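The values are calculated or read from the model by the stated rules, or taken from the named source; none is laboratory data. Small disclaimer: the values here were computed from a predicted structure and weren't measured. Every residue, glycine among them, receives a Cβ derived from its backbone with ideal geometry; neighbour counts consider all protein chains shown.
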Amino acid sequence: MTTPTVCAPLRVEARALRRGLADAARATEPTAATDAPGAEPADPDRVRVVRTGYGPVRAAAAAVRIARAGPSALAVGGVGGGLTSDLRVGDVVVASEVTYGGATVRCPAAPLLAGELRRAGLRVSVGPVATVDRLVRGAQPAGLAASGAIAVDMESAPLLAAAAGRPVVVVRAISDTPDRPLASPDIVTGGLAALRSLRQAAPALARWAAALGPRRVLLASPRSFCAGVERAIEIVELALEQRGAPVYVRKQIVHNATVVADLERRGAIFVDELTEVPDGASVVFSAHGVAPEVRQEAARRGLDAVDATCPLVAKVHAEARRYAADGYLVALIGHAGHEEVEGTLGEAPDAMALVERPADVARLTPADPARVAYLMQTTLAADEATAVVDAITERFPLATGPGTGDICYATTNRQSAVRAIAARCDVVLVAGSANSSNSLRLVETARRAGAAAYLVDRAEDIQLGWLAGASAVGITAGASAPPAIVEEIVAAIGGLGEIETEEVAVATESVQFGLPKEVRRQPVGSGEG
Ligand code: SF4
């Protein structure tokens, strides 16, 4: 097999791509560009650009020539027509699939390339691209858009045939849109804008080429949603179903951007404080828990409040109240500013002190050194918590606490699982949002185990450079990250070459929590009458 090939139908498109690749070479990455199909590039590890000709007939002929050379992967880069009103000239469309005459070719690596292009400063959309036999005019673009396509071209599908099942990507820079159709006087400026974007997109194709290859994917298990997160999401869903939209949610119900965006679409309104909730409205408290004063404020204002606090967080709250009532100074081990920490500290503000690191223990001033207790945030890394517990018990030998028992089962299991894969991986990807404590701890745990590790909200956040040369990739997800994101990441990596997946399980989970009475469904047949 030969070098990954980038097919550019027109001479101007090939030139824009070569210039962009040369830009990248000047910056850091040497690359080669040739014009004739079959010619060898100067650097066989990089991409070559091949001009393939205008229209589906020339594209099909070029595909036959290219297939003979047996490229290890194939990209199509050129200008295209935008079909949806949100597209502007100069935007870039990355094909999730290409349709032509009833057949569809999927491009699973599209999110990875789209992410690179966005980070390069381009406006990017991902969606189906339709290949057609001749220029579309009149009502035809609207018809193609109705079929789900967001862009149209005349070559991609025939060219992709040359890949013969190997990795493919398609990038089309938009030269015309429904508002600025091909026949309009703006077509020249639209074409120039598209070519500029194509040049800017080219370095990302070099990074795509460098990341190609077969690899092993190790899936840590358990990963993704825990029982507390599933319960919290179900509570908001049930509140929406039973009360109708809008339902207010104080703070993010769980720390995950995808989950929050999905619930927002369904009618949830996320607020930071109760003052933003109108009188008489329904409000859900997040899984991280709230201080008692928030509950009291909701009751005072007659709000219809539903508490989605995870029962394992509520357990720590109860321990805080008990120790405070018994006259203890309670050291809460956790991270300042985290909602769970704020909620727990609120249980007994005068009897509690936050301890983030061992050095903070020196600042504790208990009235009675024999009455010091410690508790901890449920999502800490066990080893960081142990270091603080050791410092507390060293200074206060009679200090009492749960060991690392406040760290919940889901946190512990996910950390054990990521530790089990990290030593076998070149890179570990952790699905989760930047404000998710347990996801961040997974990144730290994987790094401590020797792997490069990165937090990603979605597949688009994965930088292709992380995957270049990585023959074993580990994947896990924080307790607040949906399983679908892991599937999306696996599919995207699979778009770079064959993958062999292995599930590495360290525990099975069967924990389930009951729902609060405010949203519990009545058993069938229990109604009055
Ligand atoms: S991570 Fe643990 S404490 Fe947090 S919601 Fe999940 S089960 Fe509850």
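What the table shows:
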| item | result |
| --- | --- |
| Checking A161 against (1) in contact with an Asp or Glu (Cβ under 8 Å, 6 or more places away or on another chain); (2) not in a loop (DSSP other than H, G, I, E, B), the condition it does not meet | (1) |
| Filter result for G280 (away from the ligand (no atom under 16 Å from the Cβ) and in contact with a Gly (Cβ under 7 Å, 6 or more places away or on another chain)) | yes |
| Yes/no for P214 being in contact with an Asp or Glu (Cβ under 6 Å, 6 or more places away or on another chain) and within 16 Å of the ligand (Cβ to nearest atom) | no |
| Index of the failed condition, G228 passing every other in (1) of a type in the set (G, A, S); (2) within 16 Å of the ligand (Cβ to nearest atom); (3) without any contact (Cβ under 8 Å) to a residue 60 or more places away in the chain | (3) |
| Subset tally (residues that are within 16 Å of the ligand (Cβ to nearest atom) and loosely packed, with under 15 Cβ neighbours inside 10 Å) for region 249-261 | 0 |
| First in region 384-401 and within 10 Å of R371 (Cα to Cα), second anywhere and of a type in the set (A, V, I, L, M) and in a helix (DSSP H, G or I), Cβ under 7 Å, 6 or more apart | A399/I392 |
| Search result, residues across region 70-109 that are at pLDDT below 95 and under 23 Å from the mean Cα position of the chain (by Cα) | none |
| Pairs with Cβ under 8 Å, 6+ apart, first in region 272-283 and over 13 Å from V306 (Cβ atoms), second outside any strand (DSSP E or B) and small (G, A, S) | L274/A298; D279/G302; G280/G302 |
| Boolean, V129 is part of a strand (DSSP E or B), farther than 20 Å from A16 by Cα and among the aliphatic types (A, V, I, L, M) | yes |
| Single unsatisfied condition, L83 versus (1) touching a helix residue (DSSP H, G or I) at 6+ places or on another chain (Cβ under 7 Å); (2) exposed (fewer than 15 other Cβ atoms within 10 Å of the Cβ) | (2) |
| Test: residue in region 167-190 that is part of a loop (DSSP other than H, G, I, E, B), closer than 21 Å to P4 by Cα and within 30 Å of the chain's Cα centre (by Cα) | yes |
| Residues of region 210-235 satisfying the condition of being closer than 18 Å to V427 by Cβ, among the hydrophobic types (A, V, I, L, M, F, W, C) and not in a helix (DSSP H, G or I) | L212, V217, L218, L219, A220 |
| Per-region count, region 316-334, residues within 15 Å of the ligand (Cβ to nearest atom) and surrounded by fewer than 17 Cβ atoms within 10 Å (Cβ to Cβ) | 1 |
| Criterion violated by V443 - all others in (1) among the hydrophobic types (A, V, I, L, M, F, W, C); (2) touching a residue at least 24 places away in the same chain (Cβ under 8 Å); (3) touching a strand residue (DSSP E or B) at 6+ places or on another chain (Cβ under 6 Å); (4) within 16 Å of the ligand (Cβ to nearest atom) satisfied | (2) |
| Candidate set from region 368-412 (those that are polar (S, T, N, Q) and surrounded by fewer than 22 Cβ atoms within 10 Å (Cβ to Cβ)); member that is nearest to the ligand (Cβ to nearest atom) | T412 |
| Qualifying residue in region 285-297 (condition: buried (at least 22 other Cβ atoms within 10 Å of the Cβ), over 20 Å from L515 (Cα atoms) and among the hydrophobic types (A, V, I, L, M, F, W, C)) | no |
| Within region 365-399, tally of residues that are over 35 Å from the mean Cα position of the chain (by Cα) and more than 25 Å from E293 (Cα to Cα) | 16 |
| Total residues in region 64-106, condition under 13 Å from V170 (Cα atoms) and touching a Ser or Thr at 6+ places or on another chain (Cβ under 6 Å) | 7 |
| Subset of region 472-505 that is part of a loop (DSSP other than H, G, I, E, B) and either buried (at least 17 other Cβ atoms within 10 Å of the Cβ) or among the hydroxyl-bearing types (S, T, Y) (or both) - its residue that is farthest from the ligand (Cβ to nearest atom) | G497 |
| Residue count for region 421-450, restricted to those that are of a type in the set (A, V, I, L, M, F, W, C), surrounded by fewer than 24 Cβ atoms within 10 Å (Cβ to Cβ) and over 24 Å from V259 (Cβ atoms) | 3 |
| Exclusive hit being free of Cβ contacts under 8 Å to residues at least 24 places away in the same chain and more than 30 Å from A69 (Cβ to Cβ), set A193, A183, A146 | A146 |
| E264 over 30 Å from A420 (Cα atoms), within 16 Å of the ligand (Cβ to nearest atom) and part of a helix (DSSP H, G or I) | no |
| A287 vs. criteria under 21 Å from the mean Cα position of the chain (by Cα), away from the ligand (no atom under 16 Å from the Cβ) and of a type in the set (G, A, S) | no |
| Failed item, numbered, when G138 is tested on (1) touching a residue at least 24 places away in the same chain (Cβ under 8 Å); (2) over 30 Å from V506 (Cα atoms) | (1) |
| Condition broken by P222, with the remaining ones in (1) within 16 Å of the ligand (Cβ to nearest atom); (2) farther than 30 Å from V306 by Cα; (3) of a type outside the set (D, E) satisfied | (2) |
